[in-house]
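See structure below.
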Amino acid sequence: MSDMVLLGDEAVALGAVHAGITASYAYPGTPSTEITEYLLRYSARHGKPKAAWCTNEKTAYEEALGVSLVGRRALVSMKHVGLNVASDPFMNSALLTINGGLVVVVADDPGMHSSQNEQDSRYYADFARVICLEPASQQEAYEMTREAFDVSERFHIPVLVRLVTRLAHSRAIVHMPDKAREETALHKAADWTGWTLLPGNARRQWHSLLERQKDFQAYTQQSPHNPLRLTGRHDLGVITTGLARNYYVENLEEAGEHPSHLHIGAYPMPVAKIRELVSHVEKVLVLEEGYPLVEHLLRGIIPPGIAISGKESGEVPEDGELTPDIVRRALSLPVRAGVDLPGVALPNRPPQLCDGCPHADTLEALQAALKGFDTTLVTSDIGCYTLGALPPYSAVESCVCMGASVGMAKGASDAGFRPAVGVIGDSTFLHSGLTPLIDAIAANTDMTLVIVDNQAVAMTGGQKTMLPSSSLKGLVLGLGVSPEHCRVIKAHHTQAAANAEIIRAELEHRGLSVIIAVRECIETARTRKKLAAGAQEATA
Ligand code: SF4
C-alpha cells in the first residue's frame, strides 16, 4: 500500500475500510463529521462499504449492532455529546457477546470549538468497562482503528476509539503497510443468550464482562501503545496520554536529562507499568487532554508517598486544550517569549448567520410577532439558528442539547409561562425533537414550536436531512397536531409581515401550535446549483 496525507478523521475512515468493515453509521457532528464524509466518497468510488447518515447517534449505534449480530464489522462515529444520545445501546452493548467487530469512534472537543461542553469519552469506556484506544497521531488513528476491530472480536466487546479536535482536523502522512482485510462472511451469532439481555442472561453476561477485565488489563499491559521508558532521573516521572505526548516531546530537548516516561494509548490503565514507573520516581506529572481521568485513577493505584501533579493539583489548567506552552510550564521550563507585532490589531469577528440566511428572516418575523407581549420566552436548539442568541437578533435564550428546545418550552408552559416558544431545525427535530413534541401533543401544551426548515444539516457542512422537507408537515400532523394550528410559511424577508401575522395568531392560540418555516440554506443551495451546472457542462 502507499503513504497518504490524511486528516485524523480520514485516517480512522481508511483504517476501518482496511479492517474490512461492511458498514459505517453516524450523525454529523464536529469534529467527527469528516469520517463519514470520507467513507461516503470512498464508497461512491468503490461500491462499498455502506456508509450512511442516521437520524441520531442512538439509531446509528443500533444499526451498527445489527451488523455485528450477523457477524460483520461495523464502525459507528459521533462527536462526544453524541455518545450521550447513544449511551443506552453503548452501555448495554458492553454486556453483549459482540460477534462482528464493533468500533465506536468518538471525537471529543476540548476547548469547545464547536460544542456545548468538554466531556471526556474515556470516562464512558471506563464506565462501560470496555477497552479504549487513544491515538496521538494520524498514523496511530489509522493503526488503532484497524486494531480496534481485532480487539473487539478477540474480547467480544465494543471498542471505543477516542479522538480530539486537533487530531481529527489536522493532516499528516499516514503509512499503510498491510494488505486490506477482506469483508467477513455473514455468520449470525450462534448463541442468542449473548444478545438477549433478559435479567437472567444479563446477570451472566455482566459477570462474564467482569471476569474478562483481567484479560483487558493483560492486553493493555503488553500493548505497544503503552510504552514505558525508565531513565536515570528519579525526581520526576511523566505520564502522557493522546496528543499530550506530542507537546511533551516538543519540550523534551530543554528538559535536561529526560524524566522516566509512560505513555498511555490503550485503556484500561496498565496498572503494573504504572507501579513500575512510580517505584522509580518521587513524583509523577500527568499530562492528558480532557478531564483528569488518569490522574484521578492513579490515586487508587500508587502509594500515598508519591506526589501526583496535573489538572487536579493545579499544575495544568482543568479546562481548554493543552498546548506545548502549558506543558512547558508544568515541566517548570522557562516561558517562551512571544513575538510582538506592533500595529497589528485583529478585528473581533463573532460568528454570525450568513447574509440572506432563511433563519434570519424567521427570527425577525418571530421577534415582530412577539412584540406587545410583556414577557416572552424563546428556547432554542442546536444548529445555525442558535446564533440567533447573539446580536443583532438576540432572539433566542437557550441551547442545551439536541431537542431540548421542545421539552423546555413545554416545561415553561407547564410552569405557567406564556407565550412559550421553541425554535428547532429540521434535522434536529428529526434527531430528538419528535419525542418531546409527542409529550406536548398528549398534554395539548400551550406553546408554539417553530421548525426552521432549511432543508439541510447546514451547520456541519450541508448534509441531507433524513427525510425531505416536504414530509415534515405530514409527520407533525400524523403525530396529532391539529391541522388548523400546523402552519407552513416561507422563510423570506418578502413575506416578513405575513409571517409575523401568522406567528402572532398562533402565539395567541391557547394550545399547541407548530409553524414550519421553509427555505433552503443559501450555502447548500449555492453548492447544489454549482454541482448541477458542473454536471450539465460535463454532459454538454
Ligand atoms: S449555512 Fe445556511 S443555515 Fe447556516 S447560517 Fe449560512 S445560510 Fe444560514
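Read the figures in this text as sums done on the coordinates, not as results from a lab. Fair warning: this is a prediction, and the values are worked out from it, not measured in the lab. Every residue, glycine as well, gets a Cβ built from its backbone with ideal geometry; the counts of neighbours run over all protein chains shown.
Measure up Lys48/Lys464; Lys50/Lys188; Lys188/Lys464; Lys58/Lys464; Lys50/Lys464; Lys58/Lys214 against 22 Å on the Cα-Cα distance and list the ones that go over. Write down the numbers at each step before the final one.
Numbers: Lys48/Lys464 20 Å; Lys50/Lys188 19 Å; Lys188/Lys464 32 Å; Lys58/Lys464 18 Å; Lys50/Lys464 16 Å; Lys58/Lys214 29 Å.
Listed pairs above 22 Å: Lys188/Lys464; Lys58/Lys214.
Between Val70 and His234, what is 0.36 nm times their sequence separation minus the Cα-Cα distance? Round to one decimal in nm.
So the extension gain works out to 53.8 nm.
Subtract the Cα-Cα distance of Glu250 and Ser313 from 0.36 nm times their separation in residues, and report this length gain in nm to one decimal.
20.4 nm
What is the gain in length, in nm to one decimal, between Leu434 and Asp340 on full extension, counting 0.36 nm per residue of separation less the C-alpha to C-alpha distance?
28.5 nm
Dipole of the chain (Lys/Arg Cβ +1, Asp/Glu Cβ -1, origin at the Cα centre): which of Thr323, Ser137, Asn56 lies farthest to the positive side?
Projecting each Cα onto the dipole axis, the largest value belongs to Asn56.
Which of Ser413, Ala533, His492 sits closest to the plus end of the dipole of the range 407-540, meaning its Cα is farthest towards the positive end, when Lys and Arg get +1 and Asp and Glu get -1 on the C-beta?
The listed residue farthest towards the positive side: Ala533.
Amide H of Ser24: which non-local residues (sequence gap of 5 or more, or other chain) have their own amide H closer than 5 Å, using H built in the peptide plane?
Lys50, Ala51, Ala52, Leu75
Based on the Cβ-Cβ distance of Cys401 and His280, what FRET efficiency does E = 1/(1 + (r/R0)^6) give at R0 = 56 Å, to the nearest 0.05?
Result of the calculation: an efficiency of 0.80.
Sticking with the crude label model, points 7 Å out along Cα→Cβ, report the distance from Thr375 to Gln222 in nm, one decimal please.
Each label point is offset 7 Å from its Cα along the Cβ direction, giving 6.6 nm.
Go from 0 up to the bin containing the longest alpha carbon distance in the range 3-211, width 5 Å each, and give me the % of pairs per bin.
The calculated distribution, bin by bin, is 1, 8, 17, 21, 22, 15, 9, 4, 1, 0, 0.
Specify which residue in the list Pro350, Gly388, Val335 is farthest towards the positive end of the charge dipole of the chain, using unit charges on the beta carbon of Lys, Arg (+1) and Asp, Glu (-1), about the Cα centre.
Ranked along the dipole, the leading option is Gly388.
Treating cross-link reach as a plain straight distance, find the aspartates and glutamates whose alpha-carbon is under 18 Å from the alpha-carbon of Lys490, omitting any fewer than eight places away in the same chain.
Qualifying aspartates and glutamates at Cα under 18 Å: Asp355, Asp361, Glu364, Asp426, Asp453, Glu501, Glu506, Glu520, Glu523.
Using the Cβ atoms and a cut-off under 12 Å, what net charge is assigned to the surroundings of Gly256, where Lys and Arg are +1 and Asp and Glu are -1?
Counting the neighbours of Gly256, the net charge comes to -3.
Express in whole angstrom the spacing between the alpha-carbon centres of the range 311-368 and the range 68-139.
27
By the gyration tensor of its Cα atoms, with a ≥ b ≥ c the square roots of the eigenvalues, what is the shape of the range 358-525: rounded for a/c under 1.5, prolate for a/b over b/c, or oblate?
It comes out rounded by the Cα gyration axes.
Please work out the FRET efficiency for the pair Arg510 and Met112, using the Cβ-Cβ distance as r and a Förster radius of 45 Å; give the result to the nearest 0.05.
Efficiency, rounded to the nearest 0.05: 0.70.
Suppose we keep just the alpha-carbon trace of the chain; what are its Rg and Dmax in angstrom?
Gyration radius and largest Cα-Cα distance of the chain: 25.8, 79 Å.
Using each residue's phi in the range 369-380, evaluate 6.51 cos²θ - 1.76 cosθ + 1.60 at θ = phi - 60° and report the 3J(HN,Hα) Karplus result to the nearest Hz, with x for Gly and Pro.
Each residue's phi maps through the Karplus curve to give 5, 7, 4, x, 7, 5, 10, 9, 9, 10, 7, 10 Hz.
³J(HN,Hα) across the range 315-322 via Karplus (A = 6.51, B = -1.76, C = 1.60, θ = phi - 60°), whole Hz, x for Gly/Pro?
Once rounded to whole Hz, the list reads 6, 10, x, 7, 10, x, 7, 6.
Place the peptides 129-138, 315-324 in order of packing, highest mean first, counting for every residue the other Cβ atoms within 10 Å and averaging per peptide.
Packing order, densest peptide first, comes out as 129-138, 315-324.
Any idea what the dipole of the chain comes to, in debye rounded to 20, about its Cα centre with Lys/Arg Cβ at +1 and Asp/Glu Cβ at -1?
1120
For Ser223, Ser482, which order do you get if you count the other beta carbons within 10 Å of each Cβ and list the fewest first?
Ser482, Ser223
So what's the range 228-330 giving for Rg/Rh, alpha carbon basis, Kirkwood Rh from the mean inverse pair distance?
Taking Rh as the inverse mean 1/r over Cα pairs, Rg/Rh reads 0.92.
At a 10 Å Cβ-Cβ cut-off, how would you order Ile382, Ile173, fewest neighbours first? Numbers along the way, then the final one.
Details: Ile382 24, Ile173 11.
Ascending number of Cβ neighbours within 10 Å: Ile173, Ile382.
Enumerate the residues in the range 200-237 having an amide nitrogen under 16 Å from the point lying 7 Å beyond the Cα of Ser332 toward its Cβ.
Inside the label zone: 233-237.
If I model a spin label as a point 7 Å beyond the Cα along the Cα-Cβ vector, how far apart are those points for Asp355 and Leu198 in nm?
6.6
Measure nothing fancy, just the Cα-based angle from helix 8-18's long axis to the longest principal axis of the chain, in degrees from 0 to 90, nearest 10.
The angle comes out at about 80 degrees.
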